[in-house]
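The values are calculated or read from the model by the stated rules, or taken from the named source; none is laboratory data. Keep in mind the model is a prediction, meaning the values are calculated, not measured. All Cβ positions, glycine included, derive from the backbone under ideal geometry; neighbour counts span all protein chains shown. The accessibility values were calculated without ligands, DNA or RNA, using every heavy atom of the protein model including side chains. Shrake-Rupley method; radii C 1.70, N 1.55, O 1.52, S 1.80 Å.
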Amino acid sequence: MSFELLDRFHDPKLCRQLLDKLNASLDSEFRFMEVCGTHTVAIFQSGLRSLLPEKIIHLSGPGCPVCVTHESEVNAFLDLAGRDGVILATFGDLMRVPGEKGRNLKKAVADGARVKVVYSPFDTLKLARENPDNLVVFIGVGFETTAPTIAGTMKMAREQDIRNLRILCFHKTVPTALDTLLADQAITLDGFLLPGHVSAVIGVEPYRFIPATYGKSAVVTGFEPLDILQSLLKMVEWRNHGGAQVGNDYTRIVSDSGNRKAMDVMYEVFEPCDALWRGLGLIPGSGLEICDEWAGFDAKKEFGIVIEEGPALPGCKCGDILKGVLQPDQCPLFGKACTPANPVGPCMVSTEGSCAAYYKYKLD
Amino acid sequence: MCLAVPAEVLDIQGEMATCRVDRGQTTIKASTMLLPEAPKLGDFLIIHAGFALRVLDREQAEESLKSLGEIVECSVPSGVEG
Ligand code: SF4
């Protein structure tokens, strides 16, 4: 029954009607940024990008967790790979992310490093149990969707008295990054499509500053074409009526107050910290670090890892792509020196990366 | 990492749900420890990195589809006050 219910969110007739209405509502350009890698893929995969009116300008934002992982953070986990007694555990997307001098985790494995790709941080519990003489270090990248899953895993590890699991915590939080983007005069935007699943955790409240401080609209939305079109139409119509608001078009999944339980688990283990973002630089209060009570899990403390600003990848424009200043095909390396088979930067590696999405869908 | 579509709960053992993705044969397991309330068989879950983050609210889904129909008919959609 419910699969039919879900199917109705990509009803082509309704899509067409919404597109027509969007077209009729536009009296000038509307520049929107989507803040979630899953939206990037959804917009391309559904064919929506080529159907959107010309006046709708689509920019991809800093919502691919792998892509915003800072160069220094990449080098830090590459340095850990191959250390005696360490087994790195990671989501698959990080395997080919390039660090300095073309290093990546795949090459580290070829050189003898022990790196295990996991589907869930939960899988690290088994890995730690099976390798009691090694430290299993999980690379924790991601936003408020991923952080609670890692916090939950740490709680389970403590309950099960697993002592050889460490977390290399590079988590980042979305609303603070949007604040930084909006404060940047070089970036011109009319509205944000807000991430569906980050918002399932944090709710809608943390985004209220967007209209209040910056006079821009923002809508939490789902991943079906109808969701996306509906949210774009709303923002355009709000602008036409001289206003900006925050909306929620994903009420089937997101409640205004979010998922309190997931937030509680997350903040039992983590606390806010300053964080470096690729492209955006240091953003105060935009990261999560392991709090003192859970310090025994902290790989940064265990290995004395300090993350500092360092050189960017030569030639790669990921930083400007993540800010919406450049489109992927404006990077001189796009499709030439940089392809999914031979990626120069993380935006071409991750399945949620803008360069990879452009390459896969736009060149077809 | 993140499944954009909800998966249907087929079985629950303690805090672990086995779910069906789309209509196919593919099943995945997800911990329910981050949900405020235990899900029921037949519920649809949003799953991220092996953990369920939300249960799909069917009433809200119906409501959204209804208002989508209305939007194509009328002019200014309602929002949350900024
Ligand atoms: S095309 Fe490659 S080099 Fe250019 S910005 Fe994208 S990932 Fe970086």
task = For the stretch A:307-364, restrict the atom set to alpha-carbon positions and state the Rg and Dmax in Å.
result = 11.0, 39
request  = Starting from 0 in steps of 20 Å, tell me what percent of the Cα-Cα pairs of chain A lands in each bin.
outcome  = 29, 57, 14, 0
remark   = Here the Cα Rg-to-2.2 N^0.38 Å ratio for the stretch A:110-206 is 1.41
request  = Would you mind computing, in nm to one decimal, how far apart the modelled labels at A:Glu54 and B:Ile28 are, each placed 7 Å from Cα along Cα→Cβ?
outcome  = 4.0 nm
query = What FRET efficiency would be calculated for the residue pair B:Thr18, A:Lys13, taking the C-beta separation as r and a Förster radius of 45 Å, to the nearest 0.05?
reply = 0.80
ask   = Regarding the stretch A:186-226, what are the three Cα extents along the principal axes, ordered largest first, in Å?
value = 28, 23, 16
key: For the stretch A:1-160, the spread of Cα positions along each principal axis, largest first, Å   = 65, 45, 23
query = Given that compact globular proteins tend to follow 2.2 N^0.38 Å, what is the ratio of the alpha-carbon Rg of the stretch B:5-73 to that value?
reply = 1.25
request  = At a probe radius of 1.4 Å, figure out the A/B buried accessible area, summed over both chains, and give it in Å² to the nearest 100.
outcome  = 4600 Å²
request  = Using a Gaussian network model of chain A whose springs link C-alpha atoms within less than 10 Å, name the residue from A:Ser231, A:Ser286, A:Ser46 with the highest mean-square fluctuation.
outcome  = A:Ser46
task = With just the Cα atoms of the stretch A:224-286, tell me how far they stretch along each of the three principal axes, in Å, largest first.
result = 41, 31, 22
Label zone at A:Asp161 (point 7 Å along Cα-to-Cβ), backbone N below 15 Å, the stretch A:110-143 = A:129
request  = Please average, across the residues of A:154-166, the number of beta carbons from any other chain that are within 10 Å of each residue's own beta carbon, and give a whole number.
outcome  = 0
Alpha-carbon Rg/Rh ratio, for the stretch A:217-364, with Rh computed the Kirkwood way = 1.04
ask   = Tell me, what is the FRET efficiency for A:Ala24 and A:Lys362 to the nearest 0.05, using R0 = 25 angstrom and their Cβ-Cβ distance as r?
value = 0.40
key: Cα centre as origin, Lys/Arg/Asp/Glu Cβ charges: chain A dipole, Debye   = 760 debye
remark   = Checked against a 20 Å limit on the C-alpha separation, the offending pairs among A:Lys13/A:Lys360; A:Lys21/B:Lys66; A:Lys234/B:Lys66; A:Lys216/A:Lys360; A:Lys55/A:Lys216; A:Lys106/A:Lys360 are A:Lys13/A:Lys360; A:Lys216/A:Lys360; A:Lys106/A:Lys360
task = Please list A:198-207, A:140-149, A:349-358, A:295-304 highest first by mean number of surrounding beta-carbon atoms within 10 Å per residue.
result = A:140-149, A:349-358, A:198-207, A:295-304
key: the stretch A:154-279, Rg to Rh (Cα coordinates; Rh as Kirkwood inverse mean 1/r)   = 1.05
Per-residue mean of C-beta atoms belonging to partner chains within 10 Å, peptide A:328-335 = 0
task = Mind pulling up the Rg/Rh value for the stretch A:208-254? Radius of gyration and Kirkwood radius, both on Cα.
result = 0.99
